[in-house]
Amino acid sequence: MRQFTLAFGGLMLTAMAVFAQMADVDTDGDGYASFDELVAVYADVTEEQFAELDTDGDGTLSEEEMTAAMDSGALSMSE
């Protein structure tokens, strides 16, 4: 049970971090991060990197895509 609690707690911390980061990036409040919005926070992200993170190819990053990018280390909150 303790392992579940620790794992759940870690998952919740990650979700909260992504939510907070998404709020910082999504300046127009549409629920998605455009390339321009992402570069304003992560200045080193290239268009090619953005395209790789945009797994559904719609030209924006959803919260799920941001989560995957942070989980993989492609984006980190220290950038």
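Here, each number is a calculation from the coordinates, and none is a lab measurement. All values reported here derive from a predicted model rather than from experimental measurement. No Cβ is skipped: glycine too gets one built from the backbone with ideal geometry, and neighbour counts run over all protein chains shown.
In this label model, Glu48 and Asp30 are separated by 2.6 nm, measuring between points 7 Å along each Cα→Cβ vector.
Counting neighbouring beta carbons within 10 Å and listing from fewest to most, the residues Leu38, Leu53 come out as Leu53, Leu38. Sequentially through the stretch 35-43, phi angles give Karplus couplings (6.51, -1.76, 1.60; θ = phi - 60°) of 4, 4, 5, 5, 5, 5, 9, 10, 4 Hz, Gly and Pro residues having no value and appearing as x.
For Leu61, the amide hydrogen comes within under 5 Å of the amide hydrogens of Ala33, Ser34, counting only partners 5 or more places away or on other chains and with H modelled in the peptide plane. Amide H contacts of Asp26 (H built 1.01 Å from N, in plane; Pro and chain starts excluded): no residue 5 or more places away or on another chain comes under 5 Å.
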